[in-house]
Every structure is written in structure tokens, then in C-alpha cells.
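Down below is the structure, laid out as C-alpha cells.
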Amino acid sequence: MKVLVTGASGFIGSRIVQALGRQRHEVLRLSRAGARPDDPRLIHWDPEKGELDGAALADVDAVIHLAGENLSGKHWNPAFKEQIVHSRVQGTQVLLAALEKAGAKPKAFIAAAAIGIYGDRGSEELSEESPAGAGQGEGTGAAYLAQVCQAWESATRQASALGCRVVQLRIGLVLGKEGGALKRMLLPFQLGLGGPIGNGKQYYSWISADDLVRIFLFALEKQDCMGVYNAVAPNPVTNAQFTASLGRAVSRPAFFPMPAFAARLAFGEMADALLLSGQKVNPARLKAAGFTWETPFIGEAFNRILNHWEAMNAKRSLQLWFALVFAVLLGATIWASLEKNVLQAYVDLGSDRWGLATLFDAYFAFVAFGLWVAYKEGTVLKGVLWMLTLFALGNFAISGYAFWQLAKWDPKSGAAGLLLRAARPPRPLPKWQGRPAASKKRRR
């Protein structure tokens with residue numbers, strides 16, 4: 001089957017393209033970057049300018065339409081809010097016009113939508129039959145988002161003029177480690193700084209990225225799927241339950257709340273639409289169609305998403321805490337190295353058994369190891385953290401050895417002397433010629 005995918009480079013689109021490729025479908029991708037000679041399946045389009053070469057779309061069998069501006073990409077100002085609407089409505093209109101002009105007769109048009117169409121509805125249980133509207137969020141970001149979603153669905157319904165079945169998937173909060181909301185939330189929770197947002201009573205209707213991809217493929221393959229479906233997990237949770245589950249998944253407490261006023265101050269109108277509003281959504285039609293979820297519960301979803309942490313995320317947690325601890329040690333050793341007596345000790349060490357060349361070799365080894373980790377792990381951040389960790393360890397050991405040598409060369413300075421030296425300007429030490437006396441005695 002030849003499938004056209006818009007938004008193919010996004011968080012969900014890239015996963016769908018990979019899944020379709022594994023099933024041996026031919027995948028065409030629309031991209032604003034433009035076509036490339038080495039990739040004939042990449043088709044240029046610019047929905048803002050109305051540009052799309054429809055000639056390549058004539059024989060597509062299905063369309064998966066995901067394109068739309070990222071809601072959390074920027075601060076919500078009037079210009080960006082207008083861009084949110086146009087990227088969805090105008091982008092859909094340009095796509096449908098190109099398909100019609102090319103005489104395409106796809107069998108299915110599967111479009112992304114959002115549960116934001118329901119507005120802020122508190123603890124009211126919502127199904128596909130529930131009316132759209134602003135709910136409790138009248139005049140807020142939630143009301144604006146509901147209006148955007150209604151206009152979006154109205155535009156995609158026009159695909160029925162092509163003679164194909166139209167499926168609209170109202171997507172909830174998507175959870176995945178490569179992107180989406182979880183990627184932004186993970187670091188505060190790793191540091192033990194996560195917690196409920198607002199009063200924590202707003203419902204989050206969520207879906208794992210893997211299950212969402214399976215829902216798109218289910219809608220593509222099941223010929224009797226038509227109309228609106230809530231693409232969420234069957235067990236919505238409150239924000240308090242959500243944050244508590246994430247805290248358990250990363251083995252951290254989650255009791256640092258973010259008050260509603262702080263969320264609005266930080267994120268503006270977007271806070272009302274995405275963080276402080278809630279929808280308790282039931283995927284009734286998906287259940288009736290026979291779809292089964294791999295991760296129907298939030299705890300299972302977090303554990304599966306974060307399974308790259310070994311032993312309840314211990315590996316990455318240790319990396320993070322070691323990096324923090326040794327960053328402090330690195331700063332302390334660099335500060336201590338500025339003391340004249342420690343610098344003198346380094347010079348003497350350079351003429352002693354360590355050698356300055358050995359020190360430089362060690363530092364280059366740390367850099368090489370960090371680059372190797374970055375290559376193996378596929379992320380520069382991990383390599384940098386490991387490089388800094390090892391560099392701090394080595395520098396701390398070398399500075400410790402220098403302090404130890406100073407204590408040997410100056411018998412009056414012990415542990416107390418070293419502490420006093422850190423608190424007051426150091427007295428200059430005599431310039432030794434060659435090795436210290438103790439080292440000469442050992443050599444004899």
C-alpha cells in the first residue's frame with residue numbers, strides 16, 4: 001500500500017513512518033525542506049504559501065495527516081496562536097486541494113485531532129458522543145484550544161469529498177522518551193523537583209507513543225473504522241496521580257507543587273490550555289472496535305518508556321548524581337589549584353615521577369572516553385557528563401596527591417594546616433632543586 005504521511009519528521013510521524021516501513025508499505029513523506037535527488041519519496045510542500053506538487057499523489061492508497069504547529073513550541077502570543085490555527089486548517093485545505101487536482105482516490109484519510117476539543121470539563125466522563133465546547137475554561141486558553149480543534153476537524157471532514165473513509169483520532173497527552181510532554185518533565189523529576197501542577201485534580205487523558213502508533217495502523221487496516229475516535233488510554237488519571245507515578249518510575253519524591261499562578265506566570269495562556277485544564281476521556285469506540293492497549297495503566301507506561309534505566313533507572317540516575325557531585329569536586333580542585341603552594345607542588349610533580357606529559361595524557365584520555373560514550377550512546381550529553389565525571393575524579397586524585405606531598409614537605413601542615421591555608425593567603429614555599437630530601441633518601 002502506498003501511504004502519504006504529513007508531519008513525517010515529528011515525534012509521532014517518524015514513528016509511524018518506521019512502523020509502515022516494517023510492514024512493507026511504500027511511504028511518501030511531505031516535507032517543507034524540499035525534495036532530494038537521493039530520496040524520491042520525499043515531496044516538497046509549503047502549506048503557508050499553498051505549494052504542493054500533486055503529481056506524485058495521484059496513486060496514493062491512504063493518507064495519514066499529522067501536520068500542525070507544535071502547541072508548546074513557543075509562548076502563546078497572538079501571532080503564534082494564529083499560526084497554530086493556520087498550520088492545521090490551511091495545511092489541510094492545501095493537501096485536499098492537491099489530492100483533488102491530482103485525481104487521487106485514497107481509500108482512507110486518517111487525520112490527527114485532539115481531545116482539547118472538549119475544553120476543560122473537570123471530572124465529567126467524556127466519550128466520542130460528548131459535545132465540544134469550552135466547559136469550565138470559558139474565556140481561557142482551554143476555550144481557544146477547543147475552537148482550534150473544532151476548526152481543524154471541520155477542515156479534515158472535507159476529505160470525504162474524495163470518496164474515502166475519514167478517521168479523526170482525538171489524541172491525548174502523548175508519552176514517549178524521545179519527545180512530547182514527558183521529555184520536558186523528566187529532568188525536574190530526575191532531580192527530585194517534580195510535583196503536582198495547580199490543585200492536581202485535573203484529569204490527564206494520556207496515551208503512550210507506541211500505543212498511538214498502533215492506533216493509527218489499526219485505523220488504516222480496519223476497513224470499517226470511520227468517524228471520530230478518542231485515541232487515549234482507557235484509564236485516565238489526575239495530575240496528582242500522574243506526577244506521583246512518574247516520581248515512582250524515576251525513584252524520586254514528587255511533592256514540589258507548581259501553583260496555578262506560577263504556571264500561568266511561566267507559560268501564560270498555554271498553562272490554562274495544556275497544564276491546568278483537564279478532560280476525563282473514555283475511548284469507547286476503540287474498545288468497541290476491538291483495539292487492545294499494550295500499556296493501559298500509567299505505571300506500566302512509565303516503566304516501559306523508561307526501561308532504558310537499569311534497575312529502576314539506576315544507571316542514568318547514578319550518571320546524573322555522579323556528574324553533579326564531581327562537578328562540585330572539579331570546581332573545588334580548580335579553585336584549590338589556584339593556591340601558589342599547590343601550583344608549586346604541580347611543578348615539582350612535573351619533575352618527579354608523575355610528569356606533566358602524564359597529566360596531559362590522562363586528560364586527553366578523559367576526552368577520548370567521553371567522545372566514545374557519545375558515539376555509543378548516540379547523545380553528546382551523556383558523553384560530556386561522563387567526561388566531566390572522569391576528569392573530576394582524575395583532577396581530584398592529582399590534587400589530593402599534591403596536598404599529600406605538601407604535607408610531607410612541610411611537617412607543620414597537616415589536615416588543619418591545609419584547611420587554614422584555604423582560608424588565608426598561603427605563605428611561599430622554598431624553591432627546591434630536583435627532588436625533595438625525603439625522595440632522595442628513598443632513592444639511596
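Just so you know, all these numbers are worked out from the coordinates, no wet-lab data involved. A quick note: this is a predicted structure, and the numbers were derived from the prediction, not measured. Heads up, the Cβs are rebuilt from the backbone with ideal geometry, glycines too, and the neighbour counts pull from every protein chain shown.
Suppose every Lys and Arg Cβ carries +1 and every Asp and Glu Cβ carries -1, with no other charges. What dipole size does the range 174-317 come out with about its Cα centre, to the nearest 20 debye?
Dipole magnitude for the range 174-317 comes out near 320 debye.
Counting only Cα, what are the radius of gyration and maximum Cα-Cα distance Dmax of the range 75-193, in Å?
17.1, 56
Sort the range 225-310 into rounded, prolate or oblate with this rule: let a ≥ b ≥ c be the square roots of the eigenvalues of the Cα gyration tensor; rounded if a/c is under 1.5, and if a/c is not under 1.5, prolate when a/b is larger than b/c, oblate otherwise.
oblate
Give a residue-ordered list of calculated ³J(HN,Hα) values for the range 180-194 (Karplus: 6.51 cos²θ - 1.76 cosθ + 1.60, θ = phi - 60°; whole Hz; x for Gly, Pro).
Result, ordered by residue: x, 5, 5, 4, 6, 7, 5, 4, x, 6, 4, 8, x, 10, x Hz.
Sort HIS75, HIS86 so the one with the fewest other Cβ atoms within 10 Å of its own Cβ comes first.
In increasing order of surrounding Cβ atoms, one gets HIS75, HIS86.
Going by a ≥ b ≥ c, the root eigenvalues of the Cα gyration tensor, does the range 2-307 fall in the rounded group (a/c under 1.5), the prolate group (a/b larger than b/c) or the oblate group?
Prolate.
Which of SER160, SER208 has the fewest other C-beta atoms within 10 Å, and how do the rest follow up to the most?
SER160, SER208
In whole Hz, with x marking every Gly and Pro, tabulate ³J(HN,Hα) for the range 86-97 from phi via Karplus 6.51 cos²θ - 1.76 cosθ + 1.60, θ = phi - 60°.
Along the range 86-97, the couplings run 5, 4, 8, 6, 5, x, 5, 5, 5, 5, 5, 5 Hz.
To check you understand DSSP bridge types, tell me what percent of the beta bridges within the range 95-226 (both residues inside) are antiparallel, rounded to 5.
15
Under a 5 Å amide H to amide H cut-off, with H placed in plane at 1.01 Å, what residues pair with VAL27 once short-range neighbours are removed?
Distant-sequence amide H within range of VAL27: VAL3.
Remind me, relative contact order of the range 51-161 in percent, using alpha carbon pairs under 8 angstrom and six or more residues apart?
30
Can you tell me the alpha carbon radius of gyration of the range 142-239 divided by the globular rule-of-thumb value 2.2 N^0.38 Å?
Compactness ratio reported: 1.31.
What is the order of ASP53, ASP210, fewest Cβ neighbours within 10 Å to most?
ASP53, ASP210
Amide H neighbours of LEU126 under 5 Å, counting only residues 5+ apart in sequence or on other chains, H built in-plane at 1.01 Å?
Hits under the 5 Å cutoff: LYS280, VAL281, ASN282.
Using modelled backbone amide H atoms (1.01 Å from N, in-plane), which distant-in-sequence or interchain residues come within less than 5 Å of LEU175's amide H?
ILE207, SER208, ALA209
Taking only the alpha-carbon positions of the range 1-84 and ignoring solvent, what does the Debye formula give for the base-10 log of I(q)/I(0) at q = 0.18, 0.19, 0.25, 0.26 Å⁻¹?
-0.81, -0.88, -1.29, -1.35
In whole Hz, what ³J(HN,Hα) sequence does the range 155-161 give by Karplus (6.51, -1.76, 1.60; θ = phi - 60°), x for Gly and Pro?
Whole-Hz 3J(HN,Hα) from phi for the range 155-161: 5, 6, 4, 5, 5, 5, 5.
Going by average Cβ density within 10 Å per residue, which order do the peptides 57-70, 182-195, 107-120 take, highest to lowest?
107-120, 57-70, 182-195
DSSP beta bridges in the range 2-307, what fraction antiparallel, as a percent rounded to 5?
Around 15 percent of the beta bridges assigned by DSSP in the range 2-307 are antiparallel ones.
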